[in-house]
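Below you'll find the structure, written out as structure tokens, and then a few comments.
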Amino acid sequence: MRLFSATIATETNTFSPLPTSIEGFKESVFLRPGEHPDDAPRMCTAPLFVTRQRAARDGFTLIEGSCFAASPAGRVNRADYEFMRDEVLAQLRDAMPLDGVLFGLHGAMVAHGYDDVEGDLIERARAIVGKDCVIGVEHDPHCHMTLKRLRHTDIMICYKEYPHTDVSERAEDLLTLVLRTLRGEIKPVMSFYDCRQIGSYPTTLPLMRGFVDRMTALEGKDDILSVSAVHCFPYADVEELSGGILVVANGNKAKADALATRLGEEFVSMRGKTMPQFLSVAEGVKAAIAEPAGPVVIADPADNAGGGAPSDNTTILRELVEMKVDSAALGPLWDPIAVRLCFDAGLGAQIPLRIGGKIGPDSGQPLDASVEVTALTRDCWQTFGPTQVPLGDCAAVRIGGVEVVLISNRTQALGLELFSNVGINPLQRKILVVKSTNHFMASFGLIAKRVIYVESDAPLARDYRKIAYTKVKRPIWPLDEITHPGLTF
Ligand SMILES: [Zn+2]
């Protein structure tokens, strides 16, 4: 039995002013055959990683393809996407004959000329491997579940957890189902119920937690093989943007349809009830100061690099400095120019520094301040589950009682090392401001006395009605009150 695995992944915010080129992939994950690390998967590479680990035990051969993944930003350079795609397709052609293919794809990648990158890749892969080869795909739930990719995939699975702490477990599920199909034990069929809705669904809040737990409990019995909730990625202007429910069943399309419909209707009934409460920046900072003990974590989801935001908005930082807040640390603020200036000035230097506010109008005005350089770290990193996420060269600076972690590899707040690797003990600060929507909860949720979500003026608006969509198929909630959810696959 011969399997092949590869990854091409990023989450494209089509409204972002930051283009994504091959350089963005080289900064994050750019691994050719023979270069794949043994210790842990890198972002969306879990299918290759778990398949490699099980190859000997389960008695099959894995042909390892290239894995490319970039931090979320704007549309991907067309030639760069085609270069990566053609490399993977050439590897696929060389690896024939194949029994199975496992792709680790984020699912919300958009390139110039390709609104459905994953559909394009999977369709071309299918043309090469033929109809009898089993194609399995792992997606992030923040994906666009297009009909093209469903048509050409045998088994599609999304992570269930948000924060995405189950990337490897879902890759294991995918591999198991692919192997069972190849052994003739199951005949997967898929159904998708399109809920016609845009939303955010942290599984750290009770309503979605309960939904995911019930979804999981349905798997493995009564012909149900897998259930995924597709959250959708709101910051992309593509036609097939929408949340929904995907069911994989064993041979029984009617059962898959029925369950997708039942859970889909329930998912529709959860509209507007799955997001945390948001305070204004001033209210949020005031509430954090009022707490008797820290750390109080303030989240700035609107400037989440993980959703393609520049992560250099200064609004909350300015509020902290102007309020003369003591014992506060903010990170990450993406500003490679400021990092360079800090390295040039040296550890302990007191310098005038212009921080943030550089990429676009949604970055706010830069903050000019006299800062003390308190830490300089080359090739810094943080963890997210088993994955080590590079931060590039980092500097920490102090403005009165406020410390700022400046990074040069743009990414969101994930692990406590974001602070500790530049000499800031997060447990000993009263207020921690993190630029992240919900992934920070996996580590910061464990140490926070309280988590406060604020709505800043950074670009990822929580109110989706404010987003200037032109291509998204209508009607869709909350842009439209009346919608027509239903089975589309
Ligand atoms: Zn995601």
- Message: Restricting to segment 375-408, name every residue that is over 30 Å from Ala40 (Cβ atoms) and either open to solvent by 40 Å² or more (accessible area, probe 1.4 Å) or part of a loop (DSSP other than H, G, I, E, B) (or both).
- Response: Arg398, Gly400, Gly401
- Task: Can you tell me which residue among Arg209, Arg271 is among the basic types (Lys, Arg), on the phi < 0 side of the Ramachandran plot and open to solvent by less than 50 Å² (accessible area, probe 1.4 Å)?
- Result: Arg271
- Message: So for segment 246-255 (the condition being closer than 30 Å to Leu182 by Cα, among the aliphatic types (A, V, I, L, M) and assigned to a helix (DSSP H, G or I)), does at least one residue qualify?
- Response: yes
- Message: So, in segment 135-169, exactly how many residues are in a helix (DSSP H, G or I), within 16 Å of the ligand (Cβ to nearest atom) and surrounded by fewer than 23 Cβ atoms within 10 Å (Cβ to Cβ)?
- Response: 2
- Task: Go through segment 213-241 and count every residue that is more than 14 Å from the ligand (Cβ to nearest atom) and either open to solvent by 10 Å² or more (accessible area, probe 1.4 Å) or β-branched (Val, Ile, Thr) (or both).
- Result: 17
- Filter segment 15-43 for residues that are part of a loop (DSSP other than H, G, I, E, B), within 26 Å of Ala309 (Cβ to Cβ) and charged (D, E, K, R) and give the result. Arg42
- Task: State which residue is nearest to the ligand (Cβ to nearest atom) when the search covers only segment 94-107 and only residues that are more than 11 Å from Ile8 (Cα to Cα) and either part of a strand (DSSP E or B) or open to solvent by less than 30 Å² (accessible area, probe 1.4 Å) (or both).
- Result: Leu102
- Scanning segment 108-121 for residues that are in a strand (DSSP E or B) and open to solvent by less than 10 Å² (accessible area, probe 1.4 Å), which turns out farthest from Tyr235 (Cα to Cα)? Ala111
- Task: Only residues that are out of contact with any helix residue (DSSP H, G or I) (no Cβ under 6 Å at 6 or more places or on another chain), in contact (Cβ under 8 Å) with a residue 40 or more places away in the chain and closer than 19 Å to Asp303 by Cβ: list them for segment 410-421, please.
- Result: Ala413, Leu418
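The values are calculated or read from the model by the stated rules, or taken from the named source; none is laboratory data. Quantities reported herein were computed from a predicted structural model and do not represent experimental measurements. Counting neighbours? That spans all protein chains shown, and the Cβs are built from the backbone with ideal geometry, glycine included. What goes into the accessible areas is simple: the full protein's heavy atoms, side chains included, and nothing from ligands, DNA or RNA. Shrake-Rupley method; radii C 1.70, N 1.55, O 1.52, S 1.80 Å.
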